Amino acid sequence: MIFTPLFLVLLGGGLAGLLLGQLFPILYLVVPWCNLALAAAALVDYFFLTPRKLPVARILPPALALGEKREVELIFRNIHPFPLRAFFRDTPPSSFSENGKSPRLVLPPHSIRTVRYEITPYQRGAFGFGPLFLRLEGRLRLTQKQIALPLPTAVDVYPGHRNVRLFHLALRAANPQNYGLQALRRRGEGTDFHNLRDYVPGDDYRLIDWKATARRARFMVREYQEERNQQVMILLDCGRLMSPRAGKLTKLDHAANAALLVAYAALSRGDRVGLLAFSNRVTFHLAMGRGKTQLARINEALKSARLEFYESDYRQAFSFLARRLRRRSLIIVFTEVADEDSSRELLGRLMSFHPRNLPLCVTIVDSDIIAEREMVPDNEDEVFRKAAAAEFLHRSETLFRRMEDRGALVVNAPADRLSLSVLNKYLEIKSRGRL
């Protein structure tokens, strides 16, 4: 039994009446009976007048996107002929944030009311909501009864799909630069010969096929299409160095979002895509495939990719991959480096695939470290922090220069621009025919 503020106020008035009994003796006769009546009314309110149930349903999508807000609906139904007052508390997973929810609920007789609030998941994987806790208020508003309604609701949190939707729109837009993308190839351009067609005003004169023009006595141009059926292998580092947060998401979460976007782009343009996740061991491998089915497999695998607080073993991961690659591929490695030994190991293993394959190393720029390097120190502690940040960034930049000098590609971008930076690099590789 939980007593309401109204009951406590009335009880406090009764106690105050007893104290005033020294001045007004008649209160000693009246107040005890009033207190007994209040106690009896509270018991009646709790056992007879407080409703025993309140039908509730929870509605939300079974699949959520990492870091994106979604709405949860709670549908309450009052089956009683009198109004109901209640307080409620829902229990989303601990890695979800919630906002926009008012805990107080008033239901007229025989009515239905829908309460909505927003959740934002900040961790990938499979989760479940807990029970819905209700405090039902008695009709006399003296007591409350707390109940827990088991509403098992399973949800899956996948990598963020917002950039995927933007790319989908950009494919159909006249000006893809509005979406942060470099210019996509238009019809007539590409690396593979497709067919011949009649010249139309505006065509590049360099595409004119003079032999065909002479044979047909009219201008003919060569039409190309982007080469398809190429291979893209995505390697996702799930080791210790991917655990720091950039904003509200870990570096691994940002990498998973970018991996999903580039996989969608590659599959939509006819390429075959595979996925390998690793830490101190290979935790998952998905062979090359194409189409919507492969995208669903990649999405499911990225949902389940978990941080493992071990040092990443590049030797084991790249050796595993080398035994399975049969054709030239674009190898995109999402990772982080922190010391000279791991940098040397990454460089050596990555470049072992060059020139037969095209390696691309993707890392996240830590905006906080850049800010530390650029600050003007005011004390000795800030001097040391500035020096440490400068040394760390210099080591990273040296590694990237070595990679580029030896023929590898590098993307080193802030977390909020990582997905589009990797996508644009992929589009550049395709447009230049480097794969």
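The values are calculated or read from the model by the stated rules, or taken from the named source; none is laboratory data. Computed from a prediction, not measured in an experiment: that's the story for all the values here. Neighbour counts are summed over all protein chains in view; Cβ atoms, including those assigned to glycine, are modelled from backbone coordinates with ideal geometry.
A search for C-beta distances below 9 Å between a residue of the range 98-111 that is in the same structural domain as residue 132 (by TED's automatic domain parsing) and assigned to a strand (DSSP E or B) and any residue that is surrounded by 13 or more Cβ atoms within 10 Å (Cβ to Cβ) and aromatic (Phe, Trp, Tyr), counting only pairs 6+ apart in sequence or on different chains, returns 98/117; 99/117; 104/87; 104/88; 105/76; 105/87; 105/88; 107/76.
Residue pairs whose Cβ atoms lie under 8 Å apart, separated by 6 or more positions or on different chains, with the first residue in the range 285-301 and small (Gly, Ala, Ser) and the second part of a helix (DSSP H, G or I), are 289/297; 291/267.
All conditions in (1) at pLDDT 60 or above; (2) closer than 30 Å to residue 265 by Cα; (3) over 34 Å from the mean Cα position of the chain (by Cα) hold for residue 189, with the sole exception of (1). Would you say residue 404 is exposed (fewer than 13 other Cβ atoms within 10 Å of the Cβ) and without any contact (Cβ under 8 Å) to a residue 40 or more places away in the chain? Judged against the criteria, residue 404 is a match.
Of all residues in the range 47-83, those satisfying the criterion of being over 26 Å from residue 143 (Cα atoms), surrounded by fewer than 20 Cβ atoms within 10 Å (Cβ to Cβ) and not hydrophobic (A, V, I, L, M, F, W, C) are 58, 61, 62, 68, 69, 70, 71, 73. Residues of the range 253-270 include none that is assigned by TED's automatic domain parsing to the domain that holds residue 239, under 16 Å from residue 314 (Cα atoms) and free of Cβ contacts under 8 Å to residues at least 60 places away in the same chain.
From (1) of a type outside the set (A, V, I, L, M); (2) surrounded by 14 or more Cβ atoms within 10 Å (Cβ to Cβ); (3) more than 17 Å from residue 86 (Cα to Cα), pick out the condition that doesn't hold for residue 133. (3) is the only condition that residue 133 fails. Of all the numbered requirements in (1) modelled with pLDDT under 85; (2) outside any helix (DSSP H, G or I); (3) loosely packed, with under 12 Cβ neighbours inside 10 Å, residue 338 misses one, and that requirement is (3). Can you name every residue in the range 214-238 that is modelled with pLDDT of 85 or more and surrounded by 14 or more Cβ atoms within 10 Å (Cβ to Cβ)? Within the range 214-238, 219, 230, 231, 232, 233, 234, 235, 236, 237, 238 qualify.
Taken across the range 372-394, residues that are at negative phi, crowded, with 18+ Cβ neighbours inside 10 Å and not in a helix (DSSP H, G or I) do not occur at all.
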